[in-house]
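What follows is one structure encoded as structure tokens, with my remarks underneath.
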Amino acid sequence: MDAVKAENEERSEDDNETRGGNENILIVDDEESLLEILETILKKAGYTTILAGNGEEAVEIYKKECNRIDLVILDLSMPEMGGDKCHEKLKEINPGVKIIISSGYSHEIQHKKIYIDKPADGSMK
């Protein structure tokens, strides 16, 4: 019984630790304050961030850096090239790109068909 209790306490302590990574994440959002917040959070967790203020900038960065970008966090609602078009362009460059879709407007996501490939790859159709 004491061994089980000790194991559970050890797991509980491990669960409270912040785990980070060493991956490179491209963050795409037209709101500078959100870029700064995400950058701060992700850097504290050990990630390297690359920032893009719109879809066009993200595509240009991804063309040059796709071999070192592990994940893209992509806002849907942006001026110029929006998230939908940016998503398409990123997929053209690298069909295996890993993208997390971000939006402050739930109605935007409700009208999208989201599918997940295995291994998990959230994408829009």
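If the condition is being surrounded by 14 or more Cβ atoms within 10 Å (Cβ to Cβ) and more than 14 Å from the chain's Cα centre (by Cα), then segment 89-100 contributes Lys89, Lys91, Asn94. Residues in segment 29-41: is at least one in contact with a strand residue (DSSP E or B) (Cβ under 7 Å, 6 or more places away or on another chain) and not in a helix (DSSP H, G or I)? Yes, segment 29-41 has at least one match. In segment 81-125, the qualifying residues are those that are among the polar types (S, T, N, Q) and in contact with an Asp or Glu (Cβ under 8 Å, 6 or more places away or on another chain), and the one that is modelled with the lowest pLDDT is Ser123.
Given the options Glu57, Glu7, Glu13, name the one that is at pLDDT 95 or above and assigned to a helix (DSSP H, G or I).
Glu57
Restricting the first member to segment 23-44 and to residues that are among the charged types (D, E, K, R), and the second to residues that are part of a helix (DSSP H, G or I), the beta-carbon pairs closer than 6 Å and six or more apart or on different chains are Asp29/Leu35.
Identify, from the list Lys63, Lys85, the residue that is farther than 14 Å from Val97 by Cβ and over 14 Å from the mean Cα position of the chain (by Cα). None of the others qualify; the one that does is Lys85.
The values are calculated or read from the model by the stated rules, or taken from the named source; none is laboratory data. As the structure is a computational prediction, the values presented were derived from the model and not from experiment. Positions of Cβ are backbone-derived with ideal geometry, glycine not excepted, and every protein chain shown enters the neighbour counts.
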